[in-house]
Amino acid sequence: MHSAPSPSPSRDLRVLVTVNALPLAVGVLLSCSTPLGAISLYGRLTLALGWALAQLVVLVGAAWWYESRSASSGEPASATTAASSAGGTW
């Protein structure tokens, strides 16, 4: 069955930026507050390190989601993407 195309590439981009900006903002706040970031979660795993790992997972997941949405939208690939997938050089 045919999947419905994405409503708007700009909406998808806004979602991608928002989903990644919120954890980044919390990470900045944690980096400004050393005692808060130093709270131990489990063994040597601190709140700051745990948040950084969670932020990495969100970033990779959001990039995967955005890529799959843009690939299924039916829009032509950009010149850079088309050249790299065709074996072109940088």
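Tabulated values for the structure
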{"read-out": "Of residues in the stretch 35-75 being open to solvent by less than 60 Å² (accessible area, probe 1.4 Å), in contact with a strand residue (DSSP E or B) (Cβ under 7 Å, 6 or more places away or on another chain) and not aliphatic (A, V, I, L, M), the one modelled with the lowest pLDDT", "value": "Gly37"}
{"read-out": "Close pairs from the stretch 6-26: first more than 14 Å from Leu59 (Cα to Cα) and modelled with pLDDT under 80, partner open to solvent by less than 60 Å² (accessible area, probe 1.4 Å) and assigned to a helix (DSSP H, G or I), Cβ under 6 Å, at least 6 apart", "value": "Ser6/Asp12"}
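The values are calculated or read from the model by the stated rules, or taken from the named source; none is laboratory data. Small disclaimer: the values here were computed from a predicted structure and weren't measured. So basically every Cβ, Gly included, is an ideal-geometry build from the backbone, and we count neighbours across all protein chains shown. These accessible areas exclude ligands, DNA and RNA; they are computed on the full protein's heavy atoms, side chains included. Shrake-Rupley method; radii C 1.70, N 1.55, O 1.52, S 1.80 Å.
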